[in-house]
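S.K.: Dropping a structure here in structure tokens format, bear with me for questions.
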Amino acid sequence: MNIADNKVVTMHYSVVDKADNTIDNTFDGEPLVFIVGTGFLIPGLEQALQGKQAGDTFSVEVEPKDGYGERHEQLMQAVPKAMFEGMDIEVGMQFRATTDDGEQTVIIIDIQGEDVIVDGNHPLAGVALKFDVEVVDVRDATAEELAHGHVHGEGGCGHDH
């Protein structure tokens, strides 16, 4: 069975940046299981999977525009430390912030005196990625999985919708 929209794919992958720094790797653990076409994967990797089948292995390089997007400097800003009153803050902490574009995750990247520098870019924005992939299984998604938008284990998904 070939990978296409509305198929459940089970796969192992490793991903590195251009300097060969490992970002993630499932080969020593549980494989990733998802429904193709639901926006779960970055576009470049999902495109590369199209037409593959169980047993296929491949490598693909994904440029930022087909990954987590380009970096946007305007998504970095200084906010008053007073906005975090009563909190012990440190570089690397993530928060949900309300912006003109709705809810967004921001990461503290620096603390400068009374200012906290936050970055609304995804941590992998602007990074070219190289994936090594092994397709383990491909099956049709069930009607219930499609209705819920995610893969269910045996006995359903275990929560109410």
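The values are calculated or read from the model by the stated rules, or taken from the named source; none is laboratory data. Because the structure is a prediction, the values reported are computed rather than measured. FYI the Cβ positions are ideal-geometry reconstructions off the backbone, even for glycines, and counts take in every protein chain you see. Surface areas here come from the heavy atoms of the whole protein model, side chains and all, with no ligands, DNA or RNA. Shrake-Rupley method; radii C 1.70, N 1.55, O 1.52, S 1.80 Å.
S.K.: Kindly indicate which of E63, E144, E73, E85 is in contact with a His (Cβ under 7 Å, 6 or more places away or on another chain), loosely packed, with under 15 Cβ neighbours inside 10 Å and among the acidic types (D, E).
M.R.: E144
S.K.: Against the conditions (1) in contact (Cβ under 8 Å) with a residue 40 or more places away in the chain; (2) more than 16 Å from the chain's Cα centre (by Cα); (3) under 26 Å from D137 (Cα atoms); (4) open to solvent by 40 Å² or more (accessible area, probe 1.4 Å), where does G29 fall short? Just the number, please.
M.R.: It fails just one condition, (1).
S.K.: Something else now. Can F58 be described as open to solvent by less than 50 Å² (accessible area, probe 1.4 Å) and in contact (Cβ under 8 Å) with a residue 40 or more places away in the chain?
M.R.: Spelling it out, F58 is indeed open to solvent by less than 50 Å² (accessible area, probe 1.4 Å) and in contact (Cβ under 8 Å) with a residue 40 or more places away in the chain.
S.K.: Which condition from (1) over 23 Å from R139 (Cβ atoms); (2) open to solvent by less than 30 Å² (accessible area, probe 1.4 Å); (3) in contact with an Asp or Glu (Cβ under 9 Å, 6 or more places away or on another chain) is the one that A78 breaks?
M.R.: (2)
S.K.: Could you please let me know if D119 is surrounded by 12 or more Cβ atoms within 10 Å (Cβ to Cβ), acidic (D, E), over 17 Å from Q74 (Cβ atoms) and touching a residue at least 24 places away in the same chain (Cβ under 8 Å)?
M.R.: Considered against the rule, which asks whether it is surrounded by 12 or more Cβ atoms within 10 Å (Cβ to Cβ), acidic (D, E), over 17 Å from Q74 (Cβ atoms) and touching a residue at least 24 places away in the same chain (Cβ under 8 Å), D119 comes out as no.
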